[in-house]
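**Student:** Supplied in structure tokens, the structure appears directly below.
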Amino acid sequence: MGGHAIAWDLHYGSAFRVTLSNKGWIGFSRTPHSDALFTGQITLDGQTFEGNPLGFGVQGHNCGYRHRNFWAWTHAYFPGSDRDSSPPKASALEALVYEMPFGLVFRKAVLWHDGEEHEFRNLQEIKKDPDEFGWNFHCSTKDGFRLEAAIDGAGPSIHRLPYLRTDCAGSFEVVNNSLARAVLRLERPGGPVETLETNTGAVLEMVGR
């Protein structure tokens, strides 16, 4: 009594997958479908929502063998402007920073844009604010492709969830917003500056400071 009924008939496709981290002695962070586009319908309590596309999302999987005291992760999806292409040429950004042993910090970002993968390993944080829940950073490739990102996770969609530690010795708080805002500024040598923006198509997650 007082419950809800939900059913769905969905299909999805994606053109890009990425493994951000694969450290056998720590764990891995893998996204099999980074630019997934969904079609079909969802029915909740007799009300049906359908569309082609119905929405977009990301399927990710993280596995850890060692507790990390801090991390920041974001994924952002930017629909393509060419709606006639099949599938539409969307862009997707995924970035991850986390604590490693011996005082080291893992830093990496991957951008899928115009059908090409761009990997950035020199991610530098401009600002990370767990209180206001925002993350700004910049990075570049060896050939001079520069990226600057501003992820705004503030708003009513923030969730604060307790996660069990890997050694089961208590829990810690994970802060997540799956309807975050993202703005990317892309600059190629000799080319115009591109700006990608989404008001609800980003995810931001943080632990610790």
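Every read-out reported here was derived from the displayed coordinates using simple, explicitly stated rules and does not represent laboratory data. Just so it is clear, the model here is predicted, and its values are computed rather than measured. A quick note on method: Cβ atoms are made from the backbone with ideal geometry, for glycine too, and the neighbour counts reach across all protein chains shown.
**Student:** Report the FRET efficiency, 1/(1 + (r/R0)^6), for Leu44 and Asn22, where r is their Cβ-Cβ distance and R0 is 35 Å, rounded to 0.05. Write down the numbers at each step before the final one.
**Tutor:** On the way: r = 37 Å, r/R0 = 1.06.
After rounding to 0.05, the efficiency reads 0.40.
**Student:** Note down the nm distance, to one decimal, between modelled labels 7 Å out along Cα→Cβ at Glu132 and at Leu10.
**Tutor:** 3.3 nm
**Student:** Which whole-Hz couplings ³J(HN,Hα) result when phi for each residue of segment 93-102 is put into the Karplus expression 6.51 cos²θ - 1.76 cosθ + 1.60, θ = phi - 60°, listed in order with x for Gly and Pro?
**Tutor:** 10, 9, 9, 8, 10, 8, 6, 10, x, 6
**Student:** A further question on this structure: Picking from Arg30, Arg181, Arg165, which is most flexible by a Gaussian network model of the chain using Cα springs under 10 Å?
**Tutor:** Arg165
**Student:** Using the C-alpha atoms of segment 1-77, what convex hull volume per residue, in cubic angstrom, is computed?
**Tutor:** Values: hull volume 11.3 nm³, N = 77.
Value for segment 1-77: 147 Å³ per residue.
**Student:** With charges set only on the Cβ (+1 for Lys and Arg, -1 for Asp and Glu), what does the dipole of segment 103-209 come to about its Cα centre, in debye to the nearest 20? Provide the component values of the computation, followed by the final result.
**Tutor:** Values: 13 positive and 17 negative charges, 60 e Å.
Computed about the Cα centre, the dipole is about 300 debye.
**Student:** Lys and Arg at +1, Asp and Glu at -1: add these up for the other residues within a Cβ distance under 15 Å of Phe16 and post the number. Could you put the intermediate results ahead of the total?
**Tutor:** Working: positive: Arg17, Arg30, Lys89; negative: Asp35, Glu94, Asp114, Glu116, Glu117, Glu119.
Local charge sum for Phe16: -3.
**Student:** Fewest to most neighbouring Cβ within 10 Å: what's the order for Ser21, Ser14?
**Tutor:** Values: Ser21 16, Ser14 21.
The most exposed by this proxy come first: Ser21, Ser14.
**Student:** Considering amide H positions built from the backbone, and no H for Pro or chain starts, which residues 5 or more places from Val174, or on another chain, come under 5 Å of its amide H?
**Tutor:** Distant-sequence amide H within range of Val174: Leu161, Tyr163.
**Student:** Moving on to the next point. Sequence-distant or interchain residues sharing an amide H contact under 5 Å with Ser21, placed H: which?
**Tutor:** Ser29
**Student:** Also, quick follow-up: Can you list, largest first and rounded to whole Å, the semi-axes you get for segment 96-209 by taking the square root of 5 times each eigenvalue of its Cα gyration tensor?
**Tutor:** On the way: eigenvalues 158, 67, 25 Å².
Its equivalent ellipsoid spans semi-axes of 28, 18, 11 Å.
**Student:** Then there is this: Using modelled amide H (1.01 Å from N, peptide plane; none on Pro or chain starts), what sits under 5 Å from the amide H of Asp35, excluding residues fewer than 5 places away?
**Tutor:** Ala15, Phe16
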